[in-house]
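S.K.: Take this structure first; my questions come after.
Quick note: the coordinates plus some simple rules give every number you see, no bench work behind them. Note that the structure is predicted; figures quoted are calculated from it, not measured. As a convention, Cβ positions derive from the backbone with ideal geometry for all residues, glycine included, and neighbour counts pool all protein chains shown.
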Amino acid sequence: MMQASSARARRTRAAISLGLLWLAGVGLAAAQQAINPRHQQRSYRQEERRRKRLEKELNGYYKKWLNQDVTYIITPAEREAFLKLRTNEERDQFIEAFWQRRNPDPDSPYNSFK
């Protein structure tokens, strides 16, 4: 009987130790995921520079479309996706799909939203 309670006590201590180690690991992972404000600011600046560089690479038509024609209605995700496109054919397809998503009457050949 003494051995059974001793073995149960060891298992309990082992389980508690494992639980504490797991909690410590979770706490460490959470601490590592916390973002340093300087690092966040730096990556924001890097992202801004990258976005501006991509916009500079656009030729006149696409630059005008992005910065004048749709500047107030394009979502940030759409803008980012547009800037990642590599060819003018991809950009043309994107623009066509962009306007088609906003067409109040998709069956009509005329898009009144444009």
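S.K.: Could you line up TRP99, TRP65 from fewest to most neighbouring Cβ atoms inside 10 Å?
M.R.: TRP99, TRP65
S.K.: Give the order of PHE82, PHE94, PHE113 when sorted by the count of other beta carbons within 10 angstrom, beginning with the fewest.
M.R.: PHE113, PHE94, PHE82
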